[in-house]
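Scroll down for the structure; my scribbles are underneath it.
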Protein chains: 4
Amino acid sequence: MDSTIKHIGVFTSGGDSPGMNAALYAITKTAEVNGINVSGFRKGYEGLIDGDLVQLKSHELQKLTQKGGTILKTARSKRFLELEGRKKALQTLNVNKIDALIAIGGDGTFKGLLAFSEICDIPFIGIPGTIDNDISGTDYTLGFDSAVNTTIENIDKIRDTAESHNRVFIVEVMGRDSGYIGIHSGLMVGADAILIPESGTDFINLLGKVKNYDSEDAFLIVVSEGDEIGAELVSSKIKEVNPNVDLRITKLGHIQRGGNPCALDRMLGIRLGVEAVKSLLQSKKNVMIGILNNQLHLTPFNEVVKQHQVNKELHELLELFGT
Amino acid sequence: MDSTIKHIGVFTSGGDSPGMNAALYAITKTAEVNGINVSGFRKGYEGLIDGDLVQLKSHELQKLTQKGGTILKTARSKRFLELEGRKKALQTLNVNKIDALIAIGGDGTFKGLLAFSEICDIPFIGIPGTIDNDISGTDYTLGFDSAVNTTIENIDKIRDTAESHNRVFIVEVMGRDSGYIGIHSGLMVGADAILIPESGTDFINLLGKVKNYDSEDAFLIVVSEGDEIGAELVSSKIKEVNPNVDLRITKLGHIQRGGNPCALDRMLGIRLGVEAVKSLLQSKKNVMIGILNNQLHLTPFNEVVKQHQVNKELHELLELFGT
Amino acid sequence: MDSTIKHIGVFTSGGDSPGMNAALYAITKTAEVNGINVSGFRKGYEGLIDGDLVQLKSHELQKLTQKGGTILKTARSKRFLELEGRKKALQTLNVNKIDALIAIGGDGTFKGLLAFSEICDIPFIGIPGTIDNDISGTDYTLGFDSAVNTTIENIDKIRDTAESHNRVFIVEVMGRDSGYIGIHSGLMVGADAILIPESGTDFINLLGKVKNYDSEDAFLIVVSEGDEIGAELVSSKIKEVNPNVDLRITKLGHIQRGGNPCALDRMLGIRLGVEAVKSLLQSKKNVMIGILNNQLHLTPFNEVVKQHQVNKELHELLELFGT
Amino acid sequence: MDSTIKHIGVFTSGGDSPGMNAALYAITKTAEVNGINVSGFRKGYEGLIDGDLVQLKSHELQKLTQKGGTILKTARSKRFLELEGRKKALQTLNVNKIDALIAIGGDGTFKGLLAFSEICDIPFIGIPGTIDNDISGTDYTLGFDSAVNTTIENIDKIRDTAESHNRVFIVEVMGRDSGYIGIHSGLMVGADAILIPESGTDFINLLGKVKNYDSEDAFLIVVSEGDEIGAELVSSKIKEVNPNVDLRITKLGHIQRGGNPCALDRMLGIRLGVEAVKSLLQSKKNVMIGILNNQLHLTPFNEVVKQHQVNKELHELLELFGT
């Protein structure tokens, strides 16, 4: 056990995602049990640069495992991309006698830590937090399961009105250039077609399917925002071949980012948060904690890559259900 | 009691709304207790014209009070606007020996019944169903409360991410040319600004408020889809005066139409459905059943108007909270 | 306008209920606009006695309209029942220069204010907050609609498993000696039987119904906790006449008290909160603000009674659907 | 590929669990694509014995991925425990020319298949479905994630009222003799104590903690129904050492079994359902399909055991957070 660590700093960075507060709770509780103080930097790297920090207490965080977003707030920091900014951050760590740093965020966050490690040699630990689930070294990122649950609950609502009117609905979901939310939610709601960036859409097939769809029923198309074809183009193509179609587009948007974290994300936040502190006590540094094949797993920052996880099994499911 | 009624026809028309199935249950149950059969016409006036009907049983409908949309499906019918269509509908009623008709829909639906009454003299009863709550003669229309609940649950989610990033969010909600969903949901989520068609927005004031808003917090703007200014214009104006603002637009869209009906809409459906049958038994005809000042209330079809219910109290609330 | 009021005290008392925080927001916002400070006493009358108060700011409360419970906490106070306690409370008001008092609670809370008015002559205003909806002078109390929504969402879940097993389920809901939650939720979920204290249950009829129920389906019985027969007795009677019945009891319990307030309760909190401050400015005192027939309505404290609101219409619905 | 399979039978058995309908959808869709018919037996082994079956169509099941429970209904069958019953079931399979059987249920279901395999040599495939997550060979059983989500959403509601009153709450959750739901939900809601059967509760420690708990806050205890101490004993012990404690017990009960399946359970149902049919096509037989370490995994029926999965990591989390 590394008994030299007395004060851990923690922050959330990049896009917020449900489960971050559960991770903050677990980090703080585990640290407290080991006689370590925890300070939270606000607004990601900005708080590191500006020395904007608050002391964290597990007794207060305990009530917030259910809360979406991040109580530390988050931001993307241009200043930290410059050496000048990183030097200021280093000064903050020195002034506040921070012995170790835990960051919750996406691959950009971990790249920032790598750059920072060139001038700062306290240990850094990363926790993957993004609804897009597009980070290697972990099966799930914090927030993905909550985002998918929000997505399917709302597509279920859309099914009610789609079936009442026998309408075609195109629902656009989030994921940036990853179709992971799209394929998962599409399968889960029994969609008639699923369009994601990772898969060349068989457009002819889709149009044929819509043309001949049972006009006594709904027809649901789930499109990932990163899909090159996109909701509008699909819509106009469908209207070309099927001018009388009763079609609507809904873009779920930012509701997918918020809301109380679901079970999986709370547990993930707790498991990763506990392991982050334990890893520091075992003198680990510059690694991201993930859950790979249901086991805790460490990946060095320089091996973490942005990754689309549409594996063979998913591709087969897409082929079977999605076109 | 009107003992001549042996067979009631019922249909849902216009946009679907949560609570319609509860009304169908109540109509059928009340009819059965009084020895009356109920047939449901599918897809609104289209089913009337085409003779597309199913027998309804309260035992089956009982399980569906929780279901959004309408199991009878709904549609807007161009054919019924023509005398030809209405004549076919009359024929359907005659062939199936329908003694009375109950329609669940909006003001357009009731206008249709008025026109139909010129050639068909069986009694018609209307039940107001639309999420827009824009019909006179009732404090609530079926579906309004459920739509507002869906709206606020989702704006609550947006608040999570807005607060995490200290962002300005413009959320567009439904209501066609009525701001009723907008003002209600805006008040309920603690919005910083609420823009609805019924109120000339003090744009200067809004921009000043956004310009000076606490950059350490979220700023939520709720805009009704019918508002002439609209989400995009508000967004571009804000960016003019405040170029660095971190702003997002989310349009909630059709998720507001679906989902399980909330308590109020289920109860409303049951109360209005029971009263519709009772009114028929009391030889009422060509009236809409509403709840006015918490009491059951009948309004003749020719007095039902499309109405924006932003009354004096709401205007004062808007002035107090919304700008 | 009463320009002498500069500082309002507010507290929540009795059982907590969803919507209380929205009322606190509206009170504070309306007061601020009128240049009035607001202090919140913690834990009901206990905080008044102990001088335990915090300053309220609408900017902070704005984010909490969505939060269940009461951020001021609540309690039942034995000390305030004694003159000694009330004298200490008076002292607290004098020391803190409180010019007026707004209390959110049930009929016991208003009785306390009446007693207090004998030694304290600043104006008091009451807002009805209890999930039981058993107070005269208002159609809805804060929290009732949220409790019913929680109830029906959970009975809907029970229906899933009841139908999968063709089981009889007895679900006990809250309401103390009022059957208001019971009858409403029972109707809304399509229950096969509804037992409430206000209605002499036709036990023979119920047993006959259960004995002959379709063993290919679920059979749902909703029982109010105040019903003299109760879940256990119903269960044992059913097993007497129908020994092989597959029956389960579920008591929903305190989940009905918490959770995010639904739309109606947020709006009710806002309307009542605004009117409470306006009433003070109009020199009103010792009245409860309610919504009667959808209009704001003032009732003097000494006319507020605990009341079961199962009116004629509800009794007819119960007869039609509930036995 | 095994081209001899033309007709698959499927049934759900034991307790129902959310996700079963998604599995039925996936089985049927995959079978259809491979030119195979699917018949669903109703009420588990009872339907097999009685020849109570319906044809399944993916087009209809597609809309039901969101529905809790099982549309095929389920039951425990005493008759199938007898050879006589199994012989009748065999007759049903022969009469209907069923080539293969897929069963969704718990370990008892698979034991039944093992016994059946002595007289019936068509291939059997099992899918683990139970909210208790107590089956070896899979990390998740169908329904567990949904049950935990229902549990935590409701404990979150209880926290609202517990914090408003500074109360001690004991919440009993399901799991029969497994503490898996208990430990997971307890961690996820930030419980102050978690009591499960697998862990000898340090009662002295618990009582000390409750005795000294911050009376300015809530104190949440999550107890698994299988815990030998149980909610009532804990309650009475606490009251012994702390007579003035304001304490409530809530038993969540059967609401944990129902409700729309969450994301994870829908996906699990789809993955397992697809693989069940694929396994049959690959001539697999008498195996259960599970997800182990995030990979599809087959376990022979005779190796499937009832298993409590509180592994080392969970025990450490329990020690850290739960006592």
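The values are calculated or read from the model by the stated rules, or taken from the named source; none is laboratory data. A quick note: this is a predicted structure, and the numbers were derived from the prediction, not measured. Here the Cβ positions follow ideal geometry from the backbone for every residue, glycine too, while neighbour counts run over all protein chains shown. The protein model used for the area step is the full one, side chains on, heavy atoms only, and it has no ligands, DNA or RNA in it. Shrake-Rupley method; radii C 1.70, N 1.55, O 1.52, S 1.80 Å.
If a residue must be open to solvent by less than 10 Å² (accessible area, probe 1.4 Å) and modelled with pLDDT of 95 or more, how many such residues does region A:169-180 contain?
4
Among the residues of region B:34-68, which ones are touching a residue at least 60 places away in the same chain (Cβ under 8 Å) and either open to solvent by 40 Å² or more (accessible area, probe 1.4 Å) or in contact with a strand residue (DSSP E or B) (Cβ under 9 Å, 6 or more places away or on another chain) (or both)?
B:ASN34, B:ILE36, B:GLY44, B:TYR45, B:LYS67 - these are the residues of region B:34-68 that are touching a residue at least 60 places away in the same chain (Cβ under 8 Å) and either open to solvent by 40 Å² or more (accessible area, probe 1.4 Å) or in contact with a strand residue (DSSP E or B) (Cβ under 9 Å, 6 or more places away or on another chain) (or both).
Output the number of residues of region D:186-205 satisfying the condition of being more than 14 Å from D:HIS315 (Cα to Cα) and surrounded by 22 or more Cβ atoms within 10 Å (Cβ to Cβ).
5
Quick one: which residue in B:ALA115, B:ALA103 is small (Gly, Ala, Ser), surrounded by fewer than 24 Cβ atoms within 10 Å (Cβ to Cβ) and over 30 Å from C:GLY259 (Cα atoms)?
Unique residue meeting the criteria: B:ALA115.
Which condition from (1) more than 21 Å from D:ASN311 (Cβ to Cβ); (2) open to solvent by less than 30 Å² (accessible area, probe 1.4 Å); (3) among the hydrophobic types (A, V, I, L, M, F, W, C); (4) more than 14 Å from chain C (Cβ to nearest Cβ) is the one that D:ILE183 breaks?
(1)
Suppose we filter A:ASP160, A:ASP121, A:ASP132, A:ASP139 for residues that are open to solvent by less than 10 Å² (accessible area, probe 1.4 Å) and among the charged types (D, E, K, R); which single one remains?
A:ASP132
So B:ASP246 fits all but one of (1) in contact with a strand residue (DSSP E or B) (Cβ under 8 Å, 6 or more places away or on another chain); (2) surrounded by 16 or more Cβ atoms within 10 Å (Cβ to Cβ); (3) not assigned by TED's automatic domain parsing to the domain that holds B:SER136; what number is the exception?
Among (1) in contact with a strand residue (DSSP E or B) (Cβ under 8 Å, 6 or more places away or on another chain); (2) surrounded by 16 or more Cβ atoms within 10 Å (Cβ to Cβ); (3) not assigned by TED's automatic domain parsing to the domain that holds B:SER136, the lone unmet condition for B:ASP246 is (2).
In region B:206-217, which residues are within 11 Å of another protein chain (Cβ to nearest Cβ) and either of a type in the set (D, E, K, R) or open to solvent by less than 10 Å² (accessible area, probe 1.4 Å) (or both)?
Passing the criteria: B:ASP214, B:GLU216, B:ASP217.
Output the number of the condition that B:LYS284 fails; it satisfies all remaining conditions of (1) outside the structural domain of B:GLY68 (by TED's automatic domain parsing); (2) closer than 20 Å to B:PHE11 by Cβ.
Unmet for B:LYS284, out of (1) outside the structural domain of B:GLY68 (by TED's automatic domain parsing); (2) closer than 20 Å to B:PHE11 by Cβ: (1).
Six or more apart or on different chains, Cβ under 6 Å: which pairs go from a residue in region A:240-257 that's over 14 Å from B:LEU252 (Cβ atoms) to one that's assigned to a strand (DSSP E or B)? Could you list them?
Taking only residues 6 or more apart or on different chains, the pairs are A:VAL245/A:VAL168; A:LEU247/A:VAL168.
Could you check D:ALA75 against (1) away from chain C (no Cβ under 14 Å); (2) touching a His at 6+ places or on another chain (Cβ under 8 Å) and say which number it fails?
With respect to (1) away from chain C (no Cβ under 14 Å); (2) touching a His at 6+ places or on another chain (Cβ under 8 Å), D:ALA75 is out only on (1).
Considering only residues of region B:294-323 that are of a type in the set (S, T, N, Q) and open to solvent by 60 Å² or more (accessible area, probe 1.4 Å), which is modelled with the lowest pLDDT?
The extreme case among them is B:THR323.
Of the residues that sit in region D:69-100 and are assigned to a helix (DSSP H, G or I) and of a type in the set (S, T, N, Q), which one is least open to solvent (accessible area, probe 1.4 Å)?
Restricting to residues being assigned to a helix (DSSP H, G or I) and of a type in the set (S, T, N, Q), the top hit is D:THR92.
Does at least one position in region A:40-62 carry a residue that is outside any helix (DSSP H, G or I) and among the hydroxyl-bearing types (Ser, Thr, Tyr)?
no
Please give the number of the condition B:ILE152 fails out of (1) surrounded by fewer than 24 Cβ atoms within 10 Å (Cβ to Cβ); (2) touching a Lys or Arg at 6+ places or on another chain (Cβ under 8 Å).
The single condition B:ILE152 does not satisfy is (1).
Considering only residues that are open to solvent by 10 Å² or more (accessible area, probe 1.4 Å) and under 19 Å from C:ALA100 (Cβ atoms), which ones fall in region C:14-33?
The answer is C:LYS29, C:GLU32, C:VAL33.
Pick out the one residue from B:ASP107, B:ASP132 that is of a type outside the set (Gly, Ala, Ser) and either closer than 30 Å to B:ALA218 by Cβ or within 14 Å of another protein chain (Cβ to nearest Cβ) (or both).
Every option except B:ASP132 fails the conditions.
When residues of region C:258-268 are filtered for being basic (Lys, Arg) and part of a loop (DSSP other than H, G, I, E, B), how many remain?
Total meeting the criteria: 0.
Here is a yes/no grid of residues against (1) farther than 19 Å from D:ILE122 by Cα; (2) under 23 Å from the mean Cα position of the chain (by Cα):
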position	(1), (2)
D:ASN34	no, no
D:GLY40	no, yes
D:LYS43	yes, yes
D:GLU82	yes, no
D:LYS87	no, no
D:LEU93	no, no
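Exactly one condition in (1) of a type in the set (Gly, Ala, Ser); (2) under 24 Å from C:VAL148 (Cβ atoms); (3) part of a helix (DSSP H, G or I); (4) free of Cβ contacts under 8 Å to residues at least 60 places away in the same chain is false for C:SER236; which is it?
Unmet for C:SER236, out of (1) of a type in the set (Gly, Ala, Ser); (2) under 24 Å from C:VAL148 (Cβ atoms); (3) part of a helix (DSSP H, G or I); (4) free of Cβ contacts under 8 Å to residues at least 60 places away in the same chain: (2).
If you scan region C:299-317, which residues turn out to be under 18 Å from the mean Cα position of the chain (by Cα) and assigned to a strand (DSSP E or B)?
Of everything in region C:299-317, those that are under 18 Å from the mean Cα position of the chain (by Cα) and assigned to a strand (DSSP E or B) turn out to be C:THR299, C:LYS306.
Could you tell me how many of the residues in region A:272-293 are at the interface with another protein chain (Cβ under 7 Å from one of its Cβ atoms) and modelled with pLDDT of 95 or more?
Number of matching residues: 1.
May I ask you to list the residues in region D:17-32 that are more than 23 Å from the chain's Cα centre (by Cα) and either outside any helix (DSSP H, G or I) or small (Gly, Ala, Ser) (or both)?
D:ALA31, the sole residue that qualifies.
On the given criteria, is B:ILE183 among the aliphatic types (A, V, I, L, M) and either in contact with a strand residue (DSSP E or B) (Cβ under 9 Å, 6 or more places away or on another chain) or not assigned by TED's automatic domain parsing to the domain that holds B:ILE104 (or both)?
Against the criterion (among the aliphatic types (A, V, I, L, M) and either in contact with a strand residue (DSSP E or B) (Cβ under 9 Å, 6 or more places away or on another chain) or not assigned by TED's automatic domain parsing to the domain that holds B:ILE104 (or both)), B:ILE183 qualifies.
Would you check which residues across region C:269-290 are open to solvent by 10 Å² or more (accessible area, probe 1.4 Å) and not in a loop (DSSP other than H, G, I, E, B) and list them?
Those that are open to solvent by 10 Å² or more (accessible area, probe 1.4 Å) and not in a loop (DSSP other than H, G, I, E, B): C:ARG271, C:GLU275, C:LYS278, C:LEU281, C:VAL287.
Determine which single condition D:ILE255 fails, assuming it passes every other condition in (1) assigned to a loop (DSSP other than H, G, I, E, B); (2) over 25 Å from A:GLU60 (Cα atoms); (3) within 11 Å of another protein chain (Cβ to nearest Cβ); (4) open to solvent by less than 30 Å² (accessible area, probe 1.4 Å).
Among (1) assigned to a loop (DSSP other than H, G, I, E, B); (2) over 25 Å from A:GLU60 (Cα atoms); (3) within 11 Å of another protein chain (Cβ to nearest Cβ); (4) open to solvent by less than 30 Å² (accessible area, probe 1.4 Å), D:ILE255 violates only (1).
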